[in-house]
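What follows is one structure encoded as structure tokens, with my remarks underneath.
The values are calculated or read from the model by the stated rules, or taken from the named source; none is laboratory data. Values in this document were obtained by computation on a predicted structure and should not be read as measured data. We place every Cβ from the backbone using ideal geometry, glycine too, and count neighbours over all the protein chains shown.
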Ligand SMILES: [Zn+2]
């Protein structure tokens, strides 16, 4: 595994996460630069430790830590596809 592959393996989920954020926020008119990430259902602000793509999704068992609502699998599609780079 080359250094370039390791770099992509680490950063691809973050790029995919940002693309997912754009897909989910822009149609609803929400900003993407300012404002912290929050649960779409209850509005609870996410901690920094909950912002690691895929890892935090799995550790939280695919649910919001506060209200328990399942996190939409569509939020993961851009992250998953970002590995295809
Ligand atoms: Zn919630």
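Annotations for the structure displayed:
- Checking each residue in the stretch 17-61 for being part of a loop (DSSP other than H, G, I, E, B) and modelled with pLDDT of 85 or more picks out 29, 39, 41, 42, 43, 44, 46, 47, 60, 61.
- Among (1) surrounded by 11 or more Cβ atoms within 10 Å (Cβ to Cβ); (2) without any contact (Cβ under 8 Å) to a residue 24 or more places away in the chain; (3) more than 12 Å from the chain's Cα centre (by Cα) - the single one residue 57 does not satisfy: (3)
Yes or no, residue by residue, for (1) exposed (fewer than 14 other Cβ atoms within 10 Å of the Cβ); (2) more than 16 Å from residue 72 (Cβ to Cβ):
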| residue | (1), (2) |
| --- | --- |
| 4 | yes, yes |
| 13 | no, yes |
| 16 | no, no |
| 20 | no, no |
| 28 | yes, no |
| 34 | yes, yes |
| 37 | no, no |
| 46 | no, no |
| 52 | no, yes |
